[in-house]
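To start, the structure under review is shown below, and the notes come after it.
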Amino acid sequence: MTTKFDGLVPPHRPSIALHAISLVAFLAASAAPTPLYRLYQEMWGFSPFLLTIVFAVYALALLVALLCFGSLSDRFGRRPVIIGALLLQAGALVLFLAAKDVVWLVAARLLQGFSTGLATASLGAALIDIDRERGAFVGSVAPMAGMGLGALGGGLLAQFAPAPLHLVYLLLLAVFLMQLLRTARSPETAVECARHAWNWRPRIAVPVAARRTLLIVTPVNVAAWALGGFYLSLMPSLLKEVAGSDATWMGGLTVAALTVSGATAILFARRHSAHASLIAGSTALIIGVCMILCGVALSLPLALLLGSVVAGLGFGAGFLGALRSVVPLAAPQERASLMAAFYIESYLANAVPAIAAGYLAQQIGLEETAGIFGLFILALSILAIVLGNLHRDGSGAAKTPETPRAECGSMCKGP
């Protein structure tokens, strides 16, 4: 049952740019600390394992927010939830600014992950409220573009501007306060809300019709998200070992290369079948990771950077192919529970391998860990190609219908 938001929706609709800017800002803020981790590590002397914990708590908090609070805006409206998320994100930035040790970073990342989960669900819904086609398009591309902007901007400011551990957060805080004021003055986008009581417990289930396909696309989905987790946690530190350079901006550049090329791949992969995207994405992951491993082994930062671009194309295409393979197999009433299961797989793949890599780096070294991690990604990508082709030959997976664009937009949030 639904009830109208009487008096909240004026005759005109808000500009899609307002919520697009907020979405980009949230994901930019999520990636801004990445090039700074190495500086924090040098200043406070914590281990690579603890560094990956700082990264992973963000992904786990975001997952909790999506699963338990993702439907909050359906019950109470988009604008109140977006405003709450903006306030929480501002609080996380204040924690970064005041940070005195790694415990502060963990607290800031927890709050940042939770606020980003709230924001991506409610902002994605608001964008689709305004314009279903353009909103889904913005929702699928803006997050990865925002992460690229945050990582590169954070690295450049840390390298060339004063107050390397503070300026990026001050600028982001100003952006969020501005968006808070603009959102508070904007109209509600949802015309009606669900009348039933809100329930925080997520429905998690994989419909029988989707189970086999989900297992088949799992290798490429895990490979893509695991690679993203490694980049957003350990890549800047690895780049310093490979290049022997203190250039903080290069760490941000490699992350931006991965995420921006991933967004580009999503743009082009939407025009092709799910199977074609899966195979192309897995192939690009193999080529890109091989280039990255060569760059690490031969101490060639340029090869590592180019490999990041190719691997990013694989990330975007492979992830989108996986999503478009499974979502059409669920009935409308089963789709939310299937997406919850897909969220869990994706964000656990983003966090758990990164934590394992941090522990391994502490034991055997970062370059050796990168080699093992790369072989793990290669094995999953090869398995994805084999399973994808077998599934196509056996059941015509390439003939699955197109994924509703709204679902694509809700999930393309990047690592």
| task | Check the range 245-263 and report whether any residue there is more than 20 Å from the chain's Cα centre (by Cα), in a loop (DSSP other than H, G, I, E, B) and of a type outside the set (A, V, I, L, M, F, W, C). | result | yes
| query | Since ALA256 meets every condition but one in (1) touching a strand residue (DSSP E or B) at 6+ places or on another chain (Cβ under 7 Å); (2) at pLDDT 90 or above, which condition does it not meet? | reply | (1)
| remark: Picked from the range 323-355 (must be in contact with a Ser or Thr (Cβ under 8 Å, 6 or more places away or on another chain), at pLDDT 90 or above and among the hydrophobic types (A, V, I, L, M, F, W, C)), the residue farthest from LEU258 (Cα to Cα) is ILE355
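Please go through the range 240-281 and give me each residue that is basic (Lys, Arg), touching a helix residue (DSSP H, G or I) at 6+ places or on another chain (Cβ under 8 Å) and over 26 Å from ALA297 (Cβ atoms), ordered by number.
Start the filter on the range 240-281 by keeping residues that are basic (Lys, Arg), which leaves 240, 270-271.
The next check asks that each one be touching a helix residue (DSSP H, G or I) at 6+ places or on another chain (Cβ under 8 Å); those that pass are 240, 270.
Matches in the range 240-281: ARG270 only.
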| How many residues, within the range 211-227, are farther than 18 Å from ALA370 by Cβ and not basic (Lys, Arg)? | 9
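Regarding the range 269-286, can at least one residue be identified that is free of Cβ contacts under 8 Å to residues at least 60 places away in the same chain, in a helix (DSSP H, G or I) and over 30 Å from ARG392 (Cβ atoms)?
At the first step, the residues of the range 269-286 found to be free of Cβ contacts under 8 Å to residues at least 60 places away in the same chain are 269, 271-272, 277, 280, 284.
After this cut, where a residue has to be in a helix (DSSP H, G or I) as well, the list is 269, 277, 280, 284.
From what's left, over 30 Å from ARG392 (Cβ atoms): none.
Scanning the range 269-286, I find no residue that is free of Cβ contacts under 8 Å to residues at least 60 places away in the same chain, in a helix (DSSP H, G or I) and over 30 Å from ARG392 (Cβ atoms), so the answer is no.
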| query | Any idea which of (1) surrounded by 21 or more Cβ atoms within 10 Å (Cβ to Cβ); (2) part of a loop (DSSP other than H, G, I, E, B); (3) small (Gly, Ala, Ser) is the one ALA121 doesn't satisfy? | reply | (2)
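What residue, of ALA108, ALA145, is of a type outside the set (Lys, Arg), at pLDDT 95 or above and over 12 Å from HIS19 (Cα atoms)?
On the way: ALA145 fails: at pLDDT 95 or above.
Going through ALA108, ALA145 in turn, the sole match is ALA108.
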| Selected residue (criterion: surrounded by the fewest Cβ atoms within 10 Å (Cβ to Cβ)) from residues of the range 124-151 that are farther than 30 Å from MET235 by Cβ and of a type outside the set (A, V, I, L, M) | GLU133
| task | Starting from the range 322-341, keep only residues that are outside any helix (DSSP H, G or I), then list their pairs with residues that are small (Gly, Ala, Ser) whose Cβ atoms are within a distance under 6 Å, requiring at least 6 positions of separation or different chains. | result | ALA330/ALA210
| What number of residues in the range 292-302 are at pLDDT 95 or above and surrounded by fewer than 22 Cβ atoms within 10 Å (Cβ to Cβ)? | 2
| message | Quick check on VAL103: is it out of contact with any Leu (no Cβ under 9 Å at 6 or more places or on another chain), surrounded by fewer than 18 Cβ atoms within 10 Å (Cβ to Cβ), part of a helix (DSSP H, G or I) and on the phi < 0 side of the Ramachandran plot? | response | yes
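The values are calculated or read from the model by the stated rules, or taken from the named source; none is laboratory data. Note that the coordinates shown come from a computational prediction; the quantities given were computed from them, not determined experimentally. Heads up, the Cβs are rebuilt from the backbone with ideal geometry, glycines too, and the neighbour counts pull from every protein chain shown.
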